[in-house]
1. Carbon and sulfur together cover what percent of the accessible area of the chain at a 1.4 Å probe radius?
2. Which of the chymotrypsin sites (Phe, Trp or Tyr not before Pro) across region 1-85 are loop residues per DSSP, with 10 or fewer other Cβ within 10 Å?
3. Would you mind getting me the FRET efficiency between R197 and R53? Use the beta-carbon distance for r and R0 = 45 Å, nearest 0.05.
4. At q = 0.12, 0.14 Å⁻¹, what is the log10 ratio I(q)/I(0) for the chain, with the Debye formula run over Cα points and no solvent?
5. For the Cα atoms of the chain, what angle does the longest principal axis make with the long axis of helix 6-27, in degrees from 0 to 90, nearest 10?
6. If one takes the longest principal axis of the Cα atoms in the chain, at what angle in degrees, from 0 to 90 and to the nearest 10, does the Cα axis of helix 127-153 lie?
7. Suppose R0 equals 30 Å. What FRET efficiency, 1/(1 + (r/R0)^6) with r the Cβ-Cβ distance, do T64 and D162 give to the nearest 0.05?
8. What translational diffusion coefficient, in µm²/s and rounded to a whole number, does the Stokes-Einstein relation yield for region 1-111 at 37 °C and a viscosity of 0.692 mPa s, taking the hydrodynamic radius as the Kirkwood radius over Cα pairs?
Amino acid sequence: MARVSQEHLEARRRQILDGAARCFARNGFHATSMQDVLKEVNLSAGAVYRYFRGKDELIHAVVTEVLDDVRTAFERVGRQAPPPPPYELIGAVIGELRRERPVLRVDGSSCFPRLVVQVWTETLRDDDLAKVIRDGFDKVRAVWGAIVRGYQEAGMMRADADPDAVARTMIAATQGFLTQQALFGEVPVATLQIGLRGLMSMGEVS
């Protein structure tokens with residue numbers, strides 16, 4: 001019997017994770033059954049259970065992957081040099097996340113924001129996942145705190161601004177926009193950028 005290639009195994013695992021993620025985004029983690037996942041990915045129970053022992057293991061895999069996607073997007077955008085202004089930086093993160101995993105679409109719209117909100121909720125009931133999100137948040141805060149200090153060194157921000165407080169606020173704006181998209185539908189990233197630029201202009205009024 002021919003051996004199954006590693007590429008085939010990884011592609012099949014990816015197929016199961018993406019299908020499960022679409023189900024979870026539509027119906028939530030706990031209203032989704034394994035039968036729903038099997039139907040979504042068009043595979044037998046034996047094929048899916050070869051990779052995941054049950055729904056809890058599948059949930060943990062999807063949640064961990066989404067948290068890693070979010071953290072990676074923040075870190076990748078945050079390491080630009082020189083750092084772009086906050087409205088560009090935050091818009092770039094949203095853009096990265098919307099391009100991440102393009103197969104995660106339901107009825108023609110990205111379901112990634114809905115999945116992110118489901119994931120945040122799941123971390124409230126799972127201590128292991130809560131640690132994953134806390135560790136990721138700490139790393140992002142460190143990267144974006146360094147960006148704020150770069151703004152200060154470039155004269156773009158007041159020297160007495162608290163880098164950690166500003167970093168937390170920029171992260172919160174990104175999280176809040178994802179939540180709006182999950183609750184109210186897709187909104188152009190430019191809307192967030194225009195709003196942030198308007199807020200930043202308050203000190204420019206003569």
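The values are calculated or read from the model by the stated rules, or taken from the named source; none is laboratory data. Remember, predicted model here, so these are calculated numbers, not experimental data. Neighbour counts are summed over all protein chains in view; Cβ atoms, including those assigned to glycine, are modelled from backbone coordinates with ideal geometry. The accessibility values were calculated without ligands, DNA or RNA, using every heavy atom of the protein model including side chains. Shrake-Rupley method; radii C 1.70, N 1.55, O 1.52, S 1.80 Å.
1. Details: 6080 of 11470 Å².
Within the chain, the accessible surface is 53 percent carbon and sulfur.
2. Working: sites: F24, F29, Y49, Y51, F52, F74; in loops: F29, Y51, F52.
Loop-located and lightly packed - none at all.
3. Details: r = 49 Å, r/R0 = 1.09.
Efficiency computed from Cβ-Cβ geometry: 0.40.
4. Results for the chain at q = 0.12, 0.14 Å⁻¹ read -0.68, -0.87.
5. The angle comes out near 70 degrees.
6. Around 30 degrees separate the two axes.
7. Numbers: r = 31 Å, r/R0 = 1.04.
Using R0 = 30 Å, I get an efficiency of 0.45.
8. Numbers: Rh = 15.7 Å.
Value of D from the Cα-based Kirkwood radius: 209 µm²/s.
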